[in-house]
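Okay, so here's the structure we're looking at.
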Amino acid sequence: MYDVIIIGGGPSGLMASIAAASNNQKVLLIEKGKKLGKKLIISGGGRCNVTNRLPLDEIVKHIPGNGRFLHSPFSVFNNEDIISFFEGLGVALKEEDHGRMFPVSNRAQDVAEAMFKEMDRLNVAVLLDSPVKKLLMTDEHITGVRLHTGEEYTAKAIVVAVGGKAVPQTGSTGDGYPWAEKAGHTVTDLYPTEVPLLSKEPFIVSRELQGLALRDPAVTVLNKKGKVLVTHQMDMLFTHFGLSGPAVLRCSQYVVKEMKKNGGAPVEMRINSLPDENAESAFQLLNKMMKDEPKKSVKNVWKSLAQERWLLFLLDRADINPQITGAELPSDKVRAFAQQLTAFAMFVNGTQPIEKAFVTGGGVSIKEIEPKTMASKKKPGLYFCGEILDIHGYTGGYNITSALVTGNVAGQSAARFAKESPIESGV
Ligand SMILES: Cc1cc2nc3c(=O)[nH]c(=O)nc-3n(C[C@H](O)[C@H](O)[C@H](O)COP(=O)(O)OP(=O)(O)OC[C@H]3O[C@@H](n4cnc5c(N)ncnc54)[C@H](O)[C@@H]3O)c2cc1C
């Protein structure tokens, strides 16, 4: 018998195994795939955005899916602890824009290998290529796991760290949700988050904007009454199927939730290419620019406002010949162009599937998890951590932070639980 079994070798499971073994417990980590940390290694564009250095309140704000639940785990282990942890393992980190922390080497592999080495040092036993089929339990407590091969392993405490359903080729295929339900937990609706959006607008179908990237526009999602649900100012991209890029990924969960609410109807989005202006101030700005250079074509007068491809597209939407001079252009057309520049409206009608999302929304309900220990409130000895929980953040290191923090707390608590257990261990 082991003291603690961890199921899943993603960031949350790796960290849980280290935390449990640091508490002098006999730990077994069971991973379905042939390798540990597959998703960790591709995260952050292969550089591993290991955490974020913004203040904790800001981190919580960037985790719109139940980020507030993390206040408690953060009081045990937080982003600064993650930084000290990796630096202690010899992985030098650097801060980039928006507080994002990466290894100085820019190699996710270095982050993963440092964790593997630490597991070795702490004698964590690892079983690879060994998918767990089910949790073993009595009415009173958890007792172990059964693999698909039929082999069983017993332990005093079990940490479930099998991730969500996004990018299943990394091993995260949603195996843990039915186990949680069997143990008496509620699993909230699962949906894709941080996912590209689909659109049937003619300019998307015709692919005329495919590959166009806008630098730092303000992208807004509206509900069916025209109320603003969220605005994100970051880069975005037009693709052959719709929209992508950081601002769009951040907006995507609001689109999913709005479509759920409105019975699947398309959702309106707005793009403000001049985020410091509104339609009126942009109108004034356009007029001033025209007055300064009345003999030039408007295409040339306004070329500093947007890249040419986007500018020409918006001029066309406002029914303006780009070669016309300012002196010839009626004021209502200038207003129409100001509107296009500051509130370009389009509809989206869905997202790519959860398999193509960066992160899973929904999961094991946090209402049934003790936030200071990550213990199940339903089954003594059972712990959850990482993306399987109903916690999801924006990309930018927030999900890995959540996985590492909940993993650390789950590992420590499972070790404490095992130490206090009256059952004798021994393999
Ligand atoms: C392309 C990509 C880029 C990303 N970039 C970022 C980023 O920059 N910043 C950020 O914060 N987040 C990012 N994320 C999200 C982040 O990687 C995840 O939220 C995080 O890996 C979740 O960690 P986890 O340990 O909970 O689960 P996972 O990393 O999904 O690990 C779960 C593990 O459990 C194993 N497993 C599953 N079922 C079983 C079973 N039955 N038996 C045994 N083992 C099992 C799986 O094989 C897997 O190894 C990215 C995600 C993707 C897909």
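The values are calculated or read from the model by the stated rules, or taken from the named source; none is laboratory data. All values derive from a computational prediction rather than experimental measurement. Here the Cβ is made from the backbone with ideal geometry for all residues, glycine too, and neighbour counts use every protein chain on show.
Please specify each residue of the range 337-365 satisfying the condition of being away from the ligand (no atom under 14 Å from the Cβ) and either of a type in the set (A, V, I, L, M, F, W, C) or in contact with a Pro (Cβ under 6 Å, 6 or more places away or on another chain) (or both).
Scanning the range 337-365 gives Phe337, Ala338, Leu341, Ala343, Phe344, Ala345, Met346, Phe347, Val348, Asn349, Thr351.
Enumerate the helices (runs of 4 or more DSSP H) found wholly within the range 1-109, keeping only those where 2 or more residues are closer than 25 Å to Ser421 by Cβ and not assigned by TED's automatic domain parsing to the domain that holds Asp216.
The qualifying helices (runs of 4 or more DSSP H) are 11-22, 71-76.
Take the residues of the range 383-404 that are more than 12 Å from Gly163 (Cα to Cα) and assigned to a loop (DSSP other than H, G, I, E, B): which is farthest from the ligand (Cβ to nearest atom)?
Tyr394
Considering (1) more than 23 Å from the chain's Cα centre (by Cα); (2) surrounded by fewer than 19 Cβ atoms within 10 Å (Cβ to Cβ), say which one Asn349 fails and leave the rest.
So Asn349 meets the others, but not (1).
Considering each of Glu140, Glu151 in turn, give the residue that is modelled with pLDDT under 95 and either surrounded by fewer than 24 Cβ atoms within 10 Å (Cβ to Cβ) or more than 9 Å from the ligand (Cβ to nearest atom) (or both).
Matching residue, one of Glu140, Glu151: Glu140.
If you go through the range 192-216, how many residues are away from the ligand (no atom under 16 Å from the Cβ) and either in contact with a helix residue (DSSP H, G or I) (Cβ under 7 Å, 6 or more places away or on another chain) or of a type in the set (Ser, Thr, Tyr) (or both)?
6
Got a number for residues in the range 5-40 being farther than 13 Å from Gly407 by Cα, touching a Ser or Thr at 6+ places or on another chain (Cβ under 9 Å) and either more than 11 Å from the ligand (Cβ to nearest atom) or at pLDDT below 95 (or both)?
4
Does Ser105 count as within 13 Å of the ligand (Cβ to nearest atom) and of a type in the set (Gly, Ala, Ser)?
no
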